[in-house]
Amino acid sequence: MASFGINVFDFGAKGDGITDDTAAIQAAINFAAERGGGKILFPYTKGGYRIASPGIEEVDGKPVRAQLVIPAGLHNIQLEGEMPCRLLNPYQVRPLESVKNNFKPTVFGTLSNNNTWIFSDWEAPEEHNSTARPWAILAAPEGTSCKGKFSVSQFSIANLEFRVYINKEKMYPTQSAVNLQNVSHINICDCQF
């Protein structure tokens, strides 16, 4: 698939929902950044791309708090899933008492896997400081450019679904899907978080 750009399979990703694909996807992102950018293809797989490695607190002394890191630089990277996302796959968390209003409580394990999806099963450390940087599956480190502290000039995501880990006892995630606060230009198309 050289005509498309970079394929995560070429870097060792399996997309089987079992293998930890964190290192392979990070290698593809790093390769694209080193060459000045490029499109990174995530072929559709029923199992999805499992991100299981713990998040990184900082890169080169700059806060990032992510499992996958967009390297700082003037590159233009795009992550793209093979198929456009079908919408309405997220959990709809409802309390048990909502049953009387004709709603059913959340049932886990019923989400369909018909999108090209990246999921984390790592439970991020709980953060209670509302001003602290959130944990995320994917993020760019804090930079020094402008008031936005940008470190990345351009980043795009298309046709991908990101799912974070939800502890069923807590019923809320301790991380976000992506944190692009330190990217100056962002393009997101047909995605779901």
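The values are calculated or read from the model by the stated rules, or taken from the named source; none is laboratory data. Being a predicted model, the structure only gives us computed values, none of them experimental. Glycine gets a Cβ as well: all are built from the backbone with ideal geometry, and neighbour counts include every protein chain shown. Ligands, DNA and RNA are stripped out before the accessible areas are found, and what is left, the full protein with its side chains, is counted by its heavy atoms. Shrake-Rupley method; radii C 1.70, N 1.55, O 1.52, S 1.80 Å.
Computed values, structure above
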item: Single residue of the range 159-193 satisfying the filter (over 9 Å from the mean Cα position of the chain (by Cα) and basic (Lys, Arg)) that is most open to solvent (accessible area, probe 1.4 Å); result: 168
item: Among (1) at pLDDT 95 or above; (2) touching a strand residue (DSSP E or B) at 6+ places or on another chain (Cβ under 8 Å) - the single one residue 27 does not satisfy; result: (2)
item: Output for the range 45-57, where each listed residue is at pLDDT 95 or above and either closer than 14 Å to residue 139 by Cα or surrounded by fewer than 17 Cβ atoms within 10 Å (Cβ to Cβ) (or both); result: 51, 52, 53, 54, 55, 56, 57
item: Filtered residues of the range 22-44 (kept if without any contact (Cβ under 8 Å) to a residue 60 or more places away in the chain and open to solvent by less than 50 Å² (accessible area, probe 1.4 Å)); result: 22, 24, 26, 27, 28, 29, 32, 33, 36, 38, 40, 41
item: Condition check for residue 155: closer than 22 Å to residue 72 by Cβ, modelled with pLDDT of 95 or more and either of a type outside the set (Phe, Trp, Tyr) or buried (at least 16 other Cβ atoms within 10 Å of the Cβ) (or both); result: yes
